[in-house]
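These notes concern the structure reproduced below.
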Amino acid sequence: FFIKITLVPKMKIAVFFTYDYSIEGLKKSGLFEREMKIYVELNKKYNIDFLFITYDEKTSLEESDFQNFQFISVYNFIKKSNNKLVRLLKSFIIPLKLSRSIKDVDVLHQHQLLGSWVPIIIKFILKKPLLIRTGYDAYLFSLLGKEKKYKILFYKYLTKLSLKLSDLYTVTSHSDFNFLSNKFKVKNVKTIPNWVESKNNLSKKRLSNKILMVGRLEDQKNYPLAFEFINKTKSSFEIDIYGTGSNQDYFEKTVLKDKLNINFLGNTSHEILINKYKNYNYFLTTSLFEGNPKTVLEALSNECIIFASKIPSHKELITDDFNGFLFEDINELLEKFELVINNKTKQNSIRKNCKKSIKNNDINEISKLMMEDYNSLMLLR
């Protein structure tokens, strides 16, 4: 007798970087290693092949630390223009040039909304299913950030087009899902939160007089509130800030002028940064709006005592007086902070609840959900 053996081919996913984002740029910001970890996990657990479409100027990316993956730069196929408008217009040619080189992929996966037109066009050329995953809603951010009207309209119609033409569209927060549901007709949208790695054997010795903040030095993060807080607190605390941005010079001058105990520590790799959290007792975020903030998830994973502005995305992660503290304004922040810093019982209670609140964000759980998405899209081929 004969035994029939059916070989199941390996799944191959083409992941498209955010428009105009490069490996080099992500490495400089310290984000590259973190962004790649979920794909390393998927490759390890499910043996998926990944092909990454980047916007690097270098034509060869063999020097990448991720030898199991393949990287292709769009600028292997078209010449990069220094003019932003010309570069944007030329990006619509990319699908025509690129399609032949990726015709063997099973699923197209766009990382973030910006740049979605590239895989959308390829979808129709190659007849492949398309997943668009957004870590934050670009249209909502443009409204909240009071961007220029043309940018708001651009993100609005790009969102509308992407929702209509993608086979699956995932967001990371319930607030983003609700926003899209209120603004558009949505049929193919689901919520899959950001991932975080569980931390064990955390240090019991933490910096008792320092507060950690992590984020770009931009208006969205509302750092002036943190400056006011450190100026008014009765305790001798310092704030360490990891991140860079367009407001850095202004912030540094403000801190120097007002003699504030604030240290700007710049960017560092994610591997180094993630090990910094465990050294801090307190974590502060004053953001005006967020998606599904990875920094808060990482602070929870490291059992920091979190003080977070009372915005929808923070409220999804932090339950006040359970796994952290939420504040409406500077007075509430000062009041809650002063009550907690000398209350070890309360601090221990908060820490115990941190890990409980992020079980669904564990990288193992998120990788399972992403694999389910890929499998469902494979059925559409």
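In this structure, the pairs whose alpha-carbon distance is over 28 Å, taken from 27/128; 123/190; 58/190; 257/344; 79/128; 199/259, are 27/128; 58/190; 257/344; 199/259.
The residue 207 and residue 369 beta-carbon pair, evaluated with R₀ = 41 Å, returns a calculated FRET efficiency of approximately 0.70. Rounded to the nearest angstrom and listed largest first, the equivalent-ellipsoid semi-axes of the chain from its Cα gyration tensor are 38, 24, 20.
Label zone (residue 174, point 7 Å along Cα-to-C-beta; backbone nitrogen cut-off 14 Å) within the stretch 306-337: 312-320. Length gained on full extension, residue 79 to residue 144, computed as 0.36 nm times the residue gap minus the Cα-Cα distance: 19.9 nm. Building the convex hull from the alpha-carbon atoms of the stretch 57-185 and averaging its projection over directions returns 9.3 nm². Basic side chains Lys and Arg get +1 at the Cβ, acidic Asp and Glu get -1 at the Cβ, and with that the dipole of the chain about its Cα centre reaches some 880 debye.
When the square roots of the Cα gyration tensor eigenvalues are ordered a ≥ b ≥ c, the ratio a/c for the stretch 232-275 is 1.5 or more and a/b does not exceed b/c, which makes its shape oblate. Subtracting the Cα-Cα distance of residue 339 and residue 319 from 0.36 nm times their residue separation leaves 5.5 nm of extension gain. Calculate, in whole percent, how much of the Cα-Cα pair population of the stretch 341-381 lies beyond 17 Å. Percent of Cα pairs beyond 17 Å in the stretch 341-381: 56. Computed over the stretch 88-160, the P(r) tail beyond 22 angstrom holds 29 percent of alpha carbon pairs. Restriction of the trypsin sites (Lys or Arg not before Pro) in the stretch 140-199 to DSSP coil positions whose beta-carbon has at most 16 other beta-carbons within 10 angstrom yields 146, 148, 185, 187. Sequence-ordered 3J(HN,Hα) estimates for the stretch 128-140 from the Karplus curve with 6.51, -1.76 and 1.60 and θ = phi - 60° stand at 10, x, 10, 10, 10, 10, 10, x, 8, 8, 5, 5, 4 Hz, glycine and proline given as x. With K and R counted +1 and D and E -1, the other residues having a Cβ less than 13 Å from that of residue 81 yield a net charge of +3.
Computed from the coordinates by the stated procedures, all read-outs in this text should not be read as laboratory data. What you see is a predicted model, and the numbers here were worked out from it, not measured in a lab. Because the Cβ atoms are built from the backbone with ideal geometry, glycine has one as well, and the counts that use them run over all protein chains shown.
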